[in-house]
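Each reported figure results from applying straightforward, stated rules to the coordinates on display, with no laboratory input. The shown structure was predicted, so the numbers you read here are calculated from the model rather than taken from an experiment. Quick reminder, even Gly has a Cβ in these numbers, built from the backbone with ideal geometry, and neighbours come from all protein chains shown.
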Amino acid sequence: MSWGRGYRRSWIALAALGIAACATMLGTRRAKQPGEEIRQSHAVHAKDLPCLMCHEEVPEATTVTDRLRPLEAKCLECHAEKKEQNECGFCHTDPAHPASYPREAHTILISHKVHLKLVNDDCAACHVKLSAYTRPGPTPPTMKSCTKCHEHRVDFDEGRCGRCHTDLKRFPLKPVAEFSHAGDFVRQHGVVASSTADACTQCHDQTFCADCHAGTAPTRIELKFSENVTSDFIHRGDYLTRHSIEARSDPALCQRCHGTSFCTACHNQENVAPGGRDPRSPHPPGWAFPGPTSHAVSARRDIVNCASCHDQGPNSNCVECHRVGGIGGNPHPIQWLRKHSLPEAYGTAMCQYCHK
Amino acid sequence: MATSHTTWWWAAVSCTAVLAGGTGLARAETVTASATTIVSGQRDPRDGTVRTVVPFLELVSLRASDIKNSLFDDTQIVVSGWGEVVTGSPRDGKSALGDVDVAYVQGATWQRRVTLRLGRQFVFPGTAGNVQLDGLAPMLRVGAGFGLSGFVGVPVTPRFGYSRGQFATGARAFWSPSYESAIGVSILEILGTGQHVFRRDAGVDARYRLLDSLALSGLARWSIPETRLAEADAALNWRPCRYLDVTGDYRRTAPDLFLPRYSLFAVFAQETRDEVGGFISLRPWLRRLDLQGDFHEVHDANGWGWNTGGKATLRFGGSGGTRVGVESRRLRIAGGGYLMGRVFGWQTITRKIRVVADFDAYDLDQPLNGQTRSFFGSGSLVYDVAPAWRAVLTGMDNVTPYATHQIEGLLKIVYDGGRVVKEVMP
């Protein structure tokens, strides 16, 4: 292998990426937020004008739709002179390509018609941050403003989020404190899901789980979301190089998803397992016989590692030596006979490979 | 076309789901769909020679929820599957592949006290942990937080794997006083060919919020045939404020009990692995700076080892702006470990375009193929073409103990959209 050449290329590639990133950072300006097509400030307008003067559709609205936003004609009632003077930039953030509000899916279920009566047409009772919105874009109510009146605890405990939220799977909220995904959540989420899987299903359907956990999945999650560099994916980077180390470090972790046959399939193709076309042994000299490099100690300590190549049932090469009367002797651990009897062995197909 | 393990009733369930879907989609209040097309090309070093592999992969998922019908509330249909055509020299010799990851119909009845889910699904609660099966999973909420859940079906055979059993069943009784707390006891049995026991476990699981800032979660799984602990996991999470998150955890596993009980290898070993440690996350500058660190001491039959790591992520600029991060990990176990260093980041160029970069380097304690260093770099250009549409072009470059130099390219086109017609009537 020409390592020197390989190293140089990697460092050149890294340097190029670094330079590109720095150049982009210096040359870029703040990107526009969705919904910023129209330049207006609630902080300015709401100070002197009643909300319903612009949002005429609101008092009769039973759903949240784009129609609740004022149309251009409404704006022109006050700002007609700007249009006459072709000052498109007064309202449109991109005067060269003036656009209307973008279509947006709405995330909560609320009837303005009902609520306006309850708050005496005081929109700020729910939209508490209205005066703080100096930039255009959505002005949703805070959840706290909802729970001021609505007893939320019961719905929360029963997992009935759909009474207010249209679809938490499509529009997930930042997890509330009880379900924070911060910290060590990737490591702990399995244990959490074993007890409170119902809570997970409020925001995630099983296609989300399948991305990582489906034994049928066609590709690694790291490739499916190759642009997502901030997530803690388990097989990120050069996993091939470190897989044998991590499998030795925590064999059960691999077994949970893959099973030994997954290992064997690949090891056979790489010709390092007995099932390969022309297998080569990865074991040191003296491996098969008693002695300092004997396989016996390793097998006792890390049998999953052995199984990743040799688990072929009756065709496994263990049977040849370890069957009753074979030269390998009894392979069972000390406590084995306390839990398993010979009659059981004679009645179990797997045991009969050795106990004929 | 290769598929996972298929049974006659699985075919029936699929047909039911499709038929129900056909009629249900039109009546669903929320329909979401995603389609991801991935075309990649790589030089694949295999058995001493380098082959070229070019897979075309299409992943689709569809979810229709709140389907109006007279029998069930909260009815939903979820389907996710994929198909792949591989040109060049496919690794397993198969040029056309496809499978279904998830396909189920779910609904609630009897004032939402009974929930039924039918089809290909995951079962997570209790000792099941994570069983992917074709079958039925009912749940009954008795009242006062008490309930029963269960499942019955055929475990799905994973790709490149052998059957994970011919029949699986399990049950769990739970008490869930609030949505974030639950305690359960459960049993699980998976049988293989000829009724041989693949797994037969009993378990206890709990997640309980002791204080607003303190939560305890744990799981213990007992192997009934072996009369010993297969797995125990306990974690205490303390989150006093938004700036700090601390977790202490202990985990014990018996690795040999993760082999099928009828595997020939299940008779050779009886060892345990213990791991104890903690994790701390600091966010001194909220939404801008995130610092994480963890340390775990590992003990198994080979002796002591440890696994520790740290990660720092800094975000600046508005609207996604710039993110940069560094990460390091050191795994030290008997027989050798590795040291990993990583830098990553993304930069928003315009509202619709951003570039992403990632670079990993490894230093191995023990040589692998005579090498102790490995490098992996990737860069992506992400373009949000239109609402719900995204295109990603990724290039990857490796120098590893398995390949002097390997380049891989990937083009991905994603659609992720849907419609919502829910309405609140006054």
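Counting only residues at least eight positions apart within a chain, or on another chain, the lysines with an alpha carbon under 21 Å from that of B:Lys352 are A:Lys32, A:Lys224, B:Lys412. Put a plus charge on the Cβ of each Lys and Arg, a minus charge on the Cβ of each Asp and Glu, and nothing anywhere else: the dipole of the stretch A:157-221 about its Cα centre is then about 220 debye. The mean count of C-beta atoms from other chains within 10 Å of the C-beta of residues in A:231-244, rounded to a whole number, is 6.
Dividing the summed -39500 (n - 2.57) terms of all DSSP H runs of n ≥ 4 by the residue count of chain A sets its mean residue ellipticity at 222 nm at -12000 deg cm²/dmol.
Highest-first packing order for the peptide set A:216-224, B:223-231, A:113-121 is A:216-224, B:223-231, A:113-121, based on the mean count of other beta carbon atoms within 10 Å.
Count the lysine pairs in the stretch A:42-141 whose Cα atoms lie under 21 Å apart, taking only pairs 8 or more positions apart in sequence or on different chains. Close lysine pairs under the 21 Å cut-off: 7. Put simply, when B:128-140, A:78-90 are sorted by average Cβ atoms within 10 angstrom per residue, most first, you get B:128-140, A:78-90. Computed from the Cβ-Cβ distance with R0 of 41 Å, the FRET efficiency linking A:Asn271 to A:Cys321 stands at 0.95. Helix A:3-27 and the long axis of chain A differ in direction by around 10°, with both axes built from C-alpha atoms. The value obtained for the stretch B:110-261, namely the Cα convex hull volume divided by the number of residues, is 143 Å³ per residue.
The simple spin-label model puts a point 7 Å past each Cα toward its Cβ; for A:Asp155 and B:Asp92 those points are separated by 4.6 nm.
When only alpha carbons of the protein assembly as shown are considered, Rg and Dmax amount to 28.8, 103 Å. With a cut-off of 12 Å between beta carbons, the residues surrounding B:Gln132 carry a summed charge of +1, where Lys and Arg count +1 and Asp and Glu -1. Normalised by the number of residues in the stretch A:42-141, the average gap of Cα pairs under 8 Å and 6 or more apart makes the relative contact order 40 percent. Once the Cα atoms are used to define both axes, helix A:239-249 deviates from the longest principal axis of chain A by about 60 degrees. Within the shell of other residues whose beta carbon sits under 12 angstrom from the beta carbon of B:Pro284, the net charge comes to +3, with Lys and Arg scored +1 and Asp and Glu -1. For the stretch B:74-90, putting each phi into the Karplus relation 6.51 cos²θ - 1.76 cosθ + 1.60 with θ = phi - 60° gives couplings of 6, 5, 9, 10, 10, 9, 8, x, 7, x, 9, 10, 10, 9, x, 10, x Hz, in residue order, rounded to whole numbers and with x for Gly and Pro. Residue exposure proxy: A:Val324, B:Val39, ordered by other Cβ atoms within 10 angstrom of their Cβ from fewest to most, comes out as A:Val324, B:Val39. Averaging the sequence gap over all C-alpha pairs within less than 8 Å and six or more residues apart, then dividing by the number of residues, gives chain A a relative contact order of 11 percent.
Can you give the local net charge around B:Asp294? Use residues other than it whose beta-carbon is closer than 12 angstrom to its beta-carbon, Lys and Arg +1, Asp and Glu -1. Once positives and negatives cancel, what remains is -3. Ordering B:Trp110, A:Trp287 by the number of other Cβ atoms within 10 Å of each residue's own Cβ, fewest first, gives B:Trp110, A:Trp287.
Arrange the following residues from fewest to most other Cβ atoms within 10 Å of their Cβ: A:Glu56, A:Glu158, B:Glu180. Walk me through the numbers on the way to the answer.
Numbers: A:Glu56 13, A:Glu158 16, B:Glu180 20.
The most exposed by this proxy come first: A:Glu56, A:Glu158, B:Glu180.
Once C-alpha pairs closer than 8 Å and six or more residues apart are averaged by separation and normalised to the residue number of chain B, the relative contact order reads 10 percent.
Ellipsoid semi-axes for chain A, based on the Cα gyration tensor and the rule √(5λ), read 65, 30, 15 Å when sorted largest first. FRET efficiency for the A:Cys146 to B:Thr350 pair, using the beta carbon distance and R₀ = 22 Å, is estimated at 0.05.
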